[in-house]
1. Among B:Gly97, B:Gly73, which is the only one that is open to solvent by less than 70 Å² (accessible area, probe 1.4 Å) and under 14 Å from B:Phe24 (Cα atoms)?
2. Please go through the stretch A:136-181 and pick out each residue that is touching a Ser or Thr at 6+ places or on another chain (Cβ under 7 Å) and either open to solvent by less than 20 Å² (accessible area, probe 1.4 Å) or in contact (Cβ under 8 Å) with a residue 60 or more places away in the chain (or both).
3. Could you grab me the full set of residues in the stretch B:315-341 that are touching a Lys or Arg at 6+ places or on another chain (Cβ under 8 Å) and either at positive phi or open to solvent by less than 40 Å² (accessible area, probe 1.4 Å) (or both)?
4. Going through B:Thr112, B:Thr107 one at a time, which residue ends up being within 13 Å of chain A (Cβ to nearest Cβ), of a type in the set (S, T, N, Q) and either under 21 Å from the mean Cα position of the chain (by Cα) or part of a helix (DSSP H, G or I) (or both)?
5. Could you tell me which residue of the stretch B:1-38 is farthest from the other protein chains (Cβ to nearest Cβ), considering only residues that are free of Cβ contacts under 8 Å to residues at least 60 places away in the same chain and open to solvent by less than 30 Å² (accessible area, probe 1.4 Å)?
Amino acid sequence: MTTHTPTGDNSLLGETVAMRKIGRLERFLGPENYRVLMGMFKTPASIMGFSLIVFFVIIALAAPVIAPPLNPNDPYKIPRDGFKADPQPMGSPWNRNQPPLPFWWKPIMKTDQWVHIFGTSQGQYDVFYGVIWGTRTAFTTGMIVVISTFLIGVVIGSVSAYYGGVVDNILMRIVDIMLTLPFLLAALILAAVLTPKIGRSLVPSILALITFGWMGYARIVRGDILSTKERDYVMAARVIGVKDSRILFRHILPNAIFPTLVLASLAIGDVVLSFAALSFLGIGTEIGYADWGQVLSFARNWIISLNQYWYIVVWPGLTLVLFVMGWNLLGDALRDVLDPRMRGKT
Amino acid sequence: MVTYIIRRLLLVPVLLFGVTILIFGMLQFLTPVERSALYVRDIPKTERQVDGIILKYGLDKPIYIQYWRWLVGTIDPVTGERTGGILFGDFGWSRTGSQPVAELISTRFPNTLDLTLWAVAPVILVGIWLGVQAAVHHNGFIDQAGRIFSIVGTSFPTFVFGLLMLMVFYANLQWFPPGRLSTDMQAVVSSDSFKTYTSLLTIDSLLNGRFDVFLDALRHMILPILTLSYINWATFLRVTRSSMLETLRQEYVTTARAKGLPERDVVYKHARPNAMISVITLAGFTVVGLMGGVVITETVFDYPGIGKAAAEAAGQLDVVTVLGFALFNGLILIVANLVVDILYATVDPRVRLS
């Protein structure tokens, strides 16, 4: 098949149509999907969101350098400086169990003494370490949950839309039933039931968030497929005799799924938020695991003296807020682009 | 309208059946011994006791028989007494609450309802007001500010916001303490002279003429109300704004303007009532959500509602209790969703005709 370059002899069109060069990415994605993708990098807010996410990606990748672990085989265990209950203030020196000094500390601070930059929490867990390595936990859980829920949602949604009738009815009633319980309560219960079976780790919470998280995607994908089925190009494909399966996989699915895919990837922020909420309630990872909700939950025992120990809430809290905000800023820009009234505008 | 209601009512048994199956399914993750908390107080210790209880309550029978017994309970052949049976309101024994689950729910639920009643007005009215203002001043300063507010609002986890509130207003300023009542007021409430009418503390205190108790109860609820408002405003602002913008673009609004009506009347009498239609559903779900117990908010502020009880039970892996709460929550939600849907259809004829 030869590719037709859009810039040909357009002399007949004259000045009426402005010519635009179409890049490889745009040709690959199609004009509508390309517009969606580009729309996310237009406003200052969305660029700020993107920068925040890039910032956290760098922290997650560089975690071993920013805060070197005490035991490289078990880096998610927050090192403890003793066992005293009371939190220690920011900048207090490491006494026991000191992890290796990061390379950037000496040139900046001109000292060999590694300190608790954000202080320590209850039980002398280093807050800074928890915040840095918690970024990795956040990305891991967020990506696993988002990818799994999205795949389940796509499968259920397309089966439902493709077969219709009884299958559609049963699947959508299951979706209704699973949506009846409030999301967080349902996830909390399932995680609590699974924890004794699996043991304290990331797995119970992740499984719980997946089990009660796919229904939204199933609904959206189903709706998108049903409406894409009616588009002219599907009709055109049918008219020239393309096979049903090829229509579904090559024409309907790619066009129906792309907006949902983008939407799903931005849901990482929400997933991390729910995950942190479960950890905060004491479900999931073992105590001392580098995970933001866990670090924040230490503050529950020090509410009366939070004026003194503010750093055990503010630093992990701020990190979590900025992380979620990055995804939300991008999501907000996306919502504008996906608004049907915006269709056709570049 | 009648067909719509009938069609909607037919969905209720399906949902009820589904939710009980869902919860019963999660119960199957427990061992038969752990599941015995559905029927007996003390977890059996010796092997003989264990066998006896498994035999008596049929915990080793096929799943569908267990499900049936879970629904209707087991009748003792000698005494004729019924144990268990969620249809008869017996949700089992709560290890963490040291009382039957149903009793635990009935003592905690009034507190949650009390908080809900006080939070509804600020959450919904202010949220809608913000949304209308943002739409009227589309792309203006208020709109942009509202946009930033709603992004920040949805990004703020409830527990972080709650902890910050406690840090400022409790630890630093000592204005609003967590919990339900101060100790001296608690003594008043538990004394004999304080009569219980509705179990809702704020209403009961007024009926008893104890204004000090009322104020104290309110003082403990300010921060939870503020937190609930803050996290819900963002959603209300968004939904009201887009619905209002949509309505303001309609032709009858242009007609109203062309007739020379003052902008005030156009916005508040012509556009707003119609824009409210889609907000009603959101409001309904929000109220239901609040009644179902707000797990995180109640936990952070140590407010003894059903959300906190559920979180505590989950934290100590007391599954029978947690599932009892889930069941209760599911029932509330199914009934309330029904009411919301019917109300919605009454307001908007387009829904019942589709």
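1. Working: B:Gly97 fails: under 14 Å from B:Phe24 (Cα atoms).
The match here is B:Gly73.
2. Once the filter is applied, which keeps residues that are touching a Ser or Thr at 6+ places or on another chain (Cβ under 7 Å) and either open to solvent by less than 20 Å² (accessible area, probe 1.4 Å) or in contact (Cβ under 8 Å) with a residue 60 or more places away in the chain (or both), the stretch A:136-181 yields A:Val146, A:Met172.
3. The initial filter retains those residues of the stretch B:315-341 that are touching a Lys or Arg at 6+ places or on another chain (Cβ under 8 Å), namely B:316, B:318, B:320-321, B:338, B:341.
Answer for the stretch B:315-341, where residues must be touching a Lys or Arg at 6+ places or on another chain (Cβ under 8 Å) and either at positive phi or open to solvent by less than 40 Å² (accessible area, probe 1.4 Å) (or both): B:Asp318, B:Val320, B:Thr321, B:Leu338, B:Asp341.
4. Numbers: B:Thr107 fails: within 13 Å of chain A (Cβ to nearest Cβ).
When all the criteria are applied, what remains is B:Thr112.
5. Among those residues, the one meeting the criterion is B:Ser36.
Yes or no, residue by residue, for (1) in contact with a Cys (Cβ under 7 Å, 6 or more places away or on another chain); (2) within 25 Å of B:Thr107 (Cβ to Cβ); (3) at the interface with another protein chain (Cβ under 7 Å from one of its Cβ atoms); (4) not polar (S, T, N, Q):
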site: B:Gly153; (1), (2), (3), (4): no, no, no, yes
site: B:Phe156; (1), (2), (3), (4): no, no, yes, yes
site: B:Val160; (1), (2), (3), (4): no, no, yes, yes
site: B:Phe176; (1), (2), (3), (4): no, yes, no, yes
site: B:Met185; (1), (2), (3), (4): no, yes, no, yes
site: B:Val188; (1), (2), (3), (4): no, yes, no, yes
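Residue-wise test of (1) within 19 Å of A:Pro196 (Cα to Cα); (2) at the interface with chain B (Cβ under 8 Å from one of its Cβ atoms).
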{"site": "A:Phe280", "(1), (2)": "yes, yes"}
{"site": "A:Ile287", "(1), (2)": "yes, no"}
{"site": "A:Asp291", "(1), (2)": "no, no"}
{"site": "A:Trp302", "(1), (2)": "no, no"}
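Quick grid of which residues meet (1) farther than 28 Å from B:Gly127 by Cβ; (2) in contact (Cβ under 8 Å) with a residue 40 or more places away in the chain; (3) open to solvent by less than 60 Å² (accessible area, probe 1.4 Å); (4) touching a helix residue (DSSP H, G or I) at 6+ places or on another chain (Cβ under 9 Å):
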position	(1), (2), (3), (4)
B:Ser150	no, yes, yes, yes
B:Thr158	no, yes, yes, yes
B:Gly162	no, yes, yes, yes
B:Met167	no, no, yes, yes
B:Tyr170	no, yes, yes, yes
B:Leu181	yes, no, yes, yes
B:Asp184	yes, no, no, yes
B:Ser193	yes, no, no, no
B:Thr196	yes, no, no, yes
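The values are calculated or read from the model by the stated rules, or taken from the named source; none is laboratory data. Worth saying up front: this structure is predicted, and the values here are computed from it rather than measured. A quick note on method: Cβ atoms are made from the backbone with ideal geometry, for glycine too, and the neighbour counts reach across all protein chains shown. Ligands, DNA and RNA are stripped out before the accessible areas are found, and what is left, the full protein with its side chains, is counted by its heavy atoms. Shrake-Rupley method; radii C 1.70, N 1.55, O 1.52, S 1.80 Å.
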